[in-house]
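Report on the structure given below.
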Amino acid sequence: MITEIRSKQKKYSESKSIEDKKILGQYFTDSPIAEFMSSLIDVKSLNPNRVRLLDCGAGHGILTASSAIFLLKNGVNRVEATLYELDEKLIYNLVNVLDKVKALFSKENKIFIYTIINDDFVTLRPDLISQLQFDVSVINPPYFKYSVKESIYSKKTSDLFKGDPNIYASFIAITLSAMADQGQVVVISPRSFLNGLYFKGFRKYLLTNSKLELIHIFKSRKDVFVDSDILQENIIIKMVKTLDEYSEIKVSTSNGILDLEKSKITAYPKKIIIDTSNTEDIIRIPESKKDYDVLENAEDFSSTFSNEGYFISTGPVVEHRTIMHLTSDHNNKDHVPLIKAHNVLINGIVWDGNHKKDLSFKLISNYDKHLVANNRYVLLKRFTSKDERRRLVAGVYHPIINLKHVGITNKLNYIGRKDSLLSKDEALGLAVLFNSEFMDNYYRCISGNTQVNATDIRIMKIPTREQIILLGKYAANFPVLEYKTIELIIKKHINDRI
Ligand SMILES: C[S@@+](CC[C@H](N)C(=O)[O-])C[C@H]1O[C@@H](n2cnc3c(N)ncnc32)[C@H](O)[C@@H]1O
């Protein structure tokens, strides 16, 4: 039956344009995922004579159907499902699916009843309009950003959490709010809420009101949804609504959909997964034992990037907005180099005007607001392609003689000291640190995004300033740095375990 729903979803999806699907966030769940998600329901802690199920954006009903069937197979006698779906064109299919589920239950003298609410889950919040609470919710909420100024969804969940990061956060928070005590919520959603500033309030809400029991990650991003035009990295999480303390979180991994049944599950101490050492409450995912060791070792560092006195900012030059300033004619005194991503190499910045992508920045009208002081910085790439070996790539920029300013593109982050200037040794030490495999793995546990965010760097644990300077002093003995050399330097000077 679940496979039958899947083909209906495919047909429906193919009949809609990418733009239309985006408006309602219509990315339907594939059948193996629906079955895996349902299998995360803990039936033992439910009352078999009444399980109240909530589906917040039901689509064709694949998640309700697979959850109900899972409950039926595991001895539940009665399921009462409430389903929200805004798209009226889906309701016919949805009724059809739910009637079939009902028939399956009847065949075994069990009861399945359902209510479809063809309305908006966020503006017609079940936790506000009804007394009914739910025991289980297995959901794939829509996701899209909305305008804080104009959208009907703006501030609709401000009683639950601060901010308006994405519609999926509103759906998950409302669902959790509508659950009874010990209610179980299983969600497939983008990974983006685990870190990053915009989701801070949402994370806090989840972590305060529920026990994060399990996080599942797909090592490969492809084919998670029926519509494979999705490039977001997705995760599945299971939460239980409770205020009880807990000490472990399970991390489950599979390569993709096909090996979901053989997922590897490992329990880790909660304190390694959730970083409570600052106000961000970032949720980190070790994909392997090696990643876990990286996180554990990082915890041994006593300080963070920000507390150790460093700043990180995004380069101010946005190329498409400063076209009038940009030139590839480099023989003019009233120009300064614009440092771009291709100029950043682990051995330092190379800008000589000879690379075809090299650009100069003309010092004409209001140029200074686009430029930074010509000081020593460590430049850290903000974007690396998925195929690139490293997520973190850093190089030292040494000030060019006789320049007051220099241009740095917004495709780069630049790092310096908050209260003084970086010395050669300190800058080199930082670059070596960021180019190490350890920091790269550590960063990957924090963020699934190929974009390197300054917010995530600021809270990373790092060695002390003294250690960083020593690292730079030692690295300066090597005329050329290779990744191999960097590993040796790091092992010798920072931690022989990493
Ligand atoms: C990501 S799809 C998931 C559908 C289905 N649960 C599944 O797993 O295949 C999200 C669904 O939510 C519906 N939806 C979008 N916005 C909604 C809203 N504000 N209220 C209720 N449903 C909504 C969409 O039409 C879509 O069917």
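Check Val136, Val122 and return the single one that is modelled with pLDDT of 95 or more, assigned by TED's automatic domain parsing to the domain that holds Ile236, under 33 Å from the mean Cα position of the chain (by Cα) and more than 13 Å from the ligand (Cβ to nearest atom). Exactly one residue qualifies, and that residue is Val136.
Is it true that Lys381 is in the same structural domain as Ile459 (by TED's automatic domain parsing), open to solvent by 10 Å² or more (accessible area, probe 1.4 Å) and under 20 Å from the mean Cα position of the chain (by Cα)? So Lys381 fits the description; yes. Is it the case that some residue within the stretch 85-93 is among the β-branched types (Val, Ile, Thr) and in contact with a helix residue (DSSP H, G or I) (Cβ under 7 Å, 6 or more places away or on another chain)? No; the residues of the stretch 85-93 include none that is among the β-branched types (Val, Ile, Thr) and in contact with a helix residue (DSSP H, G or I) (Cβ under 7 Å, 6 or more places away or on another chain).
Contact annotation: residue pairs with Cβ atoms under 6 Å, 6 or more positions apart or on different chains, pairing a residue in the stretch 23-40 that is in contact (Cβ under 8 Å) with a residue 40 or more places away in the chain and at positive phi with a partner that is open to solvent by less than 30 Å² (accessible area, probe 1.4 Å) and within 6 Å of the ligand (Cβ to nearest atom), are Gly25/Pro142.
Candidates in the stretch 1-58 are the residues that are within 24 Å of Lys110 (Cβ to Cβ) and among the small types (Gly, Ala, Ser); of these, the one that is nearest to the ligand (Cβ to nearest atom) is Ala58. If you filter the stretch 103-121 down to residues that are of a type in the set (D, E, K, R) and in contact with a helix residue (DSSP H, G or I) (Cβ under 9 Å, 6 or more places away or on another chain), you find that the one that is nearest to Ile139 (Cα to Cα) is Lys110.
To keep it simple, each residue is scored yes or no on (1) open to solvent by less than 10 Å² (accessible area, probe 1.4 Å); (2) among the aromatic types (Phe, Trp, Tyr); (3) outside the structural domain of Arg6 (by TED's automatic domain parsing); (4) touching a Phe, Trp or Tyr at 6+ places or on another chain (Cβ under 7 Å).
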{"site": "Leu46", "(1), (2), (3), (4)": "no, no, no, no"}
{"site": "Asn49", "(1), (2), (3), (4)": "no, no, no, no"}
{"site": "Arg52", "(1), (2), (3), (4)": "no, no, no, yes"}
{"site": "Cys56", "(1), (2), (3), (4)": "yes, no, no, yes"}
{"site": "Thr64", "(1), (2), (3), (4)": "yes, no, no, no"}
{"site": "Ile69", "(1), (2), (3), (4)": "no, no, no, no"}
{"site": "Asn77", "(1), (2), (3), (4)": "no, no, no, no"}
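Within the stretch 133-167, restricting attention to residues that are touching a strand residue (DSSP E or B) at 6+ places or on another chain (Cβ under 7 Å) and assigned to a loop (DSSP other than H, G, I, E, B), the residue that is surrounded by the fewest Cβ atoms within 10 Å (Cβ to Cβ) is Gln133. Take the conditions (1) touching a strand residue (DSSP E or B) at 6+ places or on another chain (Cβ under 6 Å); (2) more than 24 Å from Ser210 (Cβ to Cβ); (3) within 16 Å of the ligand (Cβ to nearest atom); Ile113 misses just one of them, which is (3). Of the residues making up the stretch 419-435, those that are part of a helix (DSSP H, G or I) and either open to solvent by 10 Å² or more (accessible area, probe 1.4 Å) or under 17 Å from Lys484 (Cβ atoms) (or both) number 7. Among the residues of the stretch 291-316, those identified as open to solvent by 10 Å² or more (accessible area, probe 1.4 Å) and part of a loop (DSSP other than H, G, I, E, B) are Phe301, Ser302, Ser306, Asn307, Glu308, Gly309, Pro316. Considering Asp30, Asp42, the condition of being farther than 22 Å from Tyr143 by Cα, acidic (Asp, Glu) and touching a strand residue (DSSP E or B) at 6+ places or on another chain (Cβ under 9 Å) is satisfied by Asp42 alone.
The values are calculated or read from the model by the stated rules, or taken from the named source; none is laboratory data. Remember, predicted model here, so these are calculated numbers, not experimental data. Don't worry about glycine lacking a Cβ; one is built from the backbone with ideal geometry, like all the others, and counts go over all protein chains shown. Accessible surface is based on the protein model in full, side chains and every heavy atom, while ligands, DNA and RNA are left aside. Shrake-Rupley method; radii C 1.70, N 1.55, O 1.52, S 1.80 Å.
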